[in-house]
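The values are calculated or read from the model by the stated rules, or taken from the named source; none is laboratory data. It should be emphasised that the depicted structure is a prediction, and the values quoted were computed from it without experimental measurement. Quick reminder, even Gly has a Cβ in these numbers, built from the backbone with ideal geometry, and neighbours come from all protein chains shown.
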DNA sequence: TATTGTTATACTCTATAACTATA
DNA sequence: TATAGTTATAGAGTATAACAATA
């Protein structure tokens, strides 16, 4: 029996923590009658308009999947496709007023709940955790994650 | 301009982290030809057998949703339903050998990738963070999260 | 030819409601 | 009656492949 290395144990904690956050996301979404994916879309679109290709990259979705997601969100009146670019192929997706409102409220509520969960951490602990996560996130952006590459 | 409180900043980091881990989960799953949900099921089932009701609680899923998930995993030969309880209504879901292997490999790979991302932490830091996260997770279990309750 | 976005198709995932079988 | 699990149904999310329109 070898000892589990600290990095490994931390990785496992992060996975569990992730499942918890996912749950908060889903539960909060239900209160606004949107799915977690729709919520994520709204949050990404807050204060910006993006084309389908950009969106699909930022959400890690195939463009065809995104078409459906945007359709559903548009049908609910939370976003619209705009075709006012020079390039007439392109469309930009923007939030409606209602969509903006929900994006803000949803984000506020998720943050609030998570804040409660981490509430009894000391400020140093909180800061430490934040900076570690920041490092993880930064690392992930640098390292492409060898997505499309075959198992070389 | 008021300062953003540490808890709030942490909350936002958590959300981003979650999306990253979700992505790692999905991408790794694809390499084993399983969905993230199936992967999570396999991981929960590793070294235990659970009934549908227990499973549905631990995965935050309706029992009917779980029925389908288990069906699909069973069809792929990764798990089986067993009916060897005293209570003849109950079934326990257990991994097959192949299921176990995939559970281990998947878990190994996900942990490995995350470990890489947090790799350059000192062991003490790593350990501290793990226990901080453990505290958050424990807190979440205690506090039910007022799921079914109306907005009182 | 390359790029932007959609359509067609086939699965998977999920919840709600109604159900069966056992306790 | 209560509990364990399933079925029926409807909708959402996703990827692959083929496509249309524009550049």
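I'm trying to understand the selection: among the residues of segment A:93-113, which are loosely packed, with under 15 Cβ neighbours inside 10 Å and assigned to a loop (DSSP other than H, G, I, E, B)?
None; the set is empty.
Which residues, taken from segment B:54-67, are free of Cβ contacts under 8 Å to residues at least 12 places away in the same chain and assigned to a helix (DSSP H, G or I)?
The answer is B:54, B:56, B:57, B:63, B:64, B:65.
Read through the list (1) farther than 20 Å from residue A:97 by Cα; (2) free of Cβ contacts under 8 Å to residues at least 12 places away in the same chain; (3) touching a helix residue (DSSP H, G or I) at 6+ places or on another chain (Cβ under 8 Å); (4) surrounded by fewer than 17 Cβ atoms within 10 Å (Cβ to Cβ), then give the number of the only condition that residue A:11 fails.
(4)
Which of the numbered conditions does residue B:86 fail, given that it passes all the others? Conditions: (1) assigned to a helix (DSSP H, G or I); (2) at pLDDT 90 or above.
The single condition residue B:86 does not satisfy is (1).
So that you can scan it fast, the table gives a plain yes or no per residue for (1) surrounded by 18 or more Cβ atoms within 10 Å (Cβ to Cβ); (2) modelled with pLDDT of 90 or more; (3) within 26 Å of residue A:46 (Cα to Cα):
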residue: A:115; (1), (2), (3): yes, yes, yes
residue: A:131; (1), (2), (3): no, no, yes
residue: A:136; (1), (2), (3): yes, no, yes
residue: A:140; (1), (2), (3): yes, no, yes
residue: A:149; (1), (2), (3): no, no, no
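Restricted to segment B:26-72, and to residues that are at the interface with chain A (Cβ under 8 Å from one of its Cβ atoms) and in contact with a helix residue (DSSP H, G or I) (Cβ under 8 Å, 6 or more places away or on another chain), which residue is nearest to DNA strand C (Cβ to nearest atom)? Walk me through it before giving the result.
Taking segment B:26-72 first, the residues at the interface with chain A (Cβ under 8 Å from one of its Cβ atoms) are B:26-27, B:31, B:40, B:60.
If we keep only those that are in contact with a helix residue (DSSP H, G or I) (Cβ under 8 Å, 6 or more places away or on another chain) as well, we get B:26, B:31, B:40, B:60.
On the way: B:26: 10, B:31: 15, B:40: 8, B:60: 7 Å.
Filtering first and then ranking leaves B:60.
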